[in-house]
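What follows is a short report on a single structure.
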C-alpha cells in the first residue's frame, strides 16, 4: 500500500524492506520520530524526522475518512504514556495504537483499559477498512474477539459520553449556586 501511495518506481525494491513493529505513518519503516504538538490557538502541528514527512498535511482533514483519501492514519497522543521532560504527550500513529498498547501498557499479558477518547481516536470504520481492502469478515472477527464496537456501537457510546459530560457539567453548575439559572453555552463547546 505504501508503494502505491508513494508511487514507487521499483515495487520489488519497496517490497524488500520490512515493515517494523512501530512503523512510521509516512514511510512504513521503523526509526522515524514523529511528534504531534497542539498549537496555542488550536489545531495541531506535526514534526517528523521522516524523509517522507508531509509538512502541509491538514490534520483535521487527514483524520476524517473520505472516499478520495480513505486512510485516516494520523499521529495521536497516548494518554497512558507519561509526558516527556518538556511535558509533550507521547505521540503514536493511529494504526499502531493497539500494538503500542499491548507492547507498552500490558500487565502480565493483560491489555490496559482503553480510555474513551483514545477508543474514539483509534477507531477505523468498516467503510475505511473496505476502502483499504481489509475484508469485512476479518474486521468483524477482530472486533468481536477483542470486544471493540462497530461504527454504530461507537456512535452510540459517543452520544452517551456527551450526555454524561453535559449532565456532569449541568449538575456541577447547578450545585454552585442553587436557584440561579445559568447560560450553559458558555460552559462547554460542541466540536463540529
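Annotations for the structure displayed:
- Among the numbered conditions (1) assigned to a helix (DSSP H, G or I); (2) farther than 24 Å from residue 43 by Cβ, the only one that residue 97 does not meet is (2).
- For region 59-88, a residue qualifies if it is touching a residue at least 40 places away in the same chain (Cβ under 8 Å) and part of a loop (DSSP other than H, G, I, E, B), and the qualifying residues are 65, 67, 70, 71, 72, 73, 74, 78, 88.
- The condition (being within 27 Å of residue 119 (Cβ to Cβ), modelled with pLDDT under 90 and exposed (fewer than 14 other Cβ atoms within 10 Å of the Cβ)) is satisfied by just one residue among 64, 87, 58, 17: 87.
- Number of the condition not met by residue 28 [criteria: (1) under 22 Å from residue 101 (Cβ atoms); (2) assigned to a strand (DSSP E or B)]: (2)
- Boolean, residue 45 is under 16 Å from the mean Cα position of the chain (by Cα), outside any loop (DSSP other than H, G, I, E, B) and modelled with pLDDT of 90 or more: yes
- Yes/no for residue 56 being in contact (Cβ under 8 Å) with a residue 12 or more places away in the chain and either touching a strand residue (DSSP E or B) at 6+ places or on another chain (Cβ under 8 Å) or farther than 22 Å from residue 148 by Cβ (or both): no
- Flag if residue 22 is in contact with a strand residue (DSSP E or B) (Cβ under 9 Å, 6 or more places away or on another chain), within 22 Å of residue 134 (Cα to Cα) and at pLDDT 90 or above: no
- Total residues in region 32-42 satisfying the condition of being modelled with pLDDT of 90 or more and either loosely packed, with under 12 Cβ neighbours inside 10 Å or in a loop (DSSP other than H, G, I, E, B) (or both): the figure is 2.
- Some residue of region 6-13 being at pLDDT below 90, surrounded by fewer than 13 Cβ atoms within 10 Å (Cβ to Cβ), more than 27 Å from residue 117 (Cβ to Cβ) and touching a helix residue (DSSP H, G or I) at 6+ places or on another chain (Cβ under 7 Å): yes
- Subset tally (residues that are touching a helix residue (DSSP H, G or I) at 6+ places or on another chain (Cβ under 9 Å) and under 20 Å from residue 89 (Cα atoms)) for region 27-69: 6
The values are calculated or read from the model by the stated rules, or taken from the named source; none is laboratory data. Not measured: the values here are computed from a predicted model. FYI the Cβ positions are ideal-geometry reconstructions off the backbone, even for glycines, and counts take in every protein chain you see.
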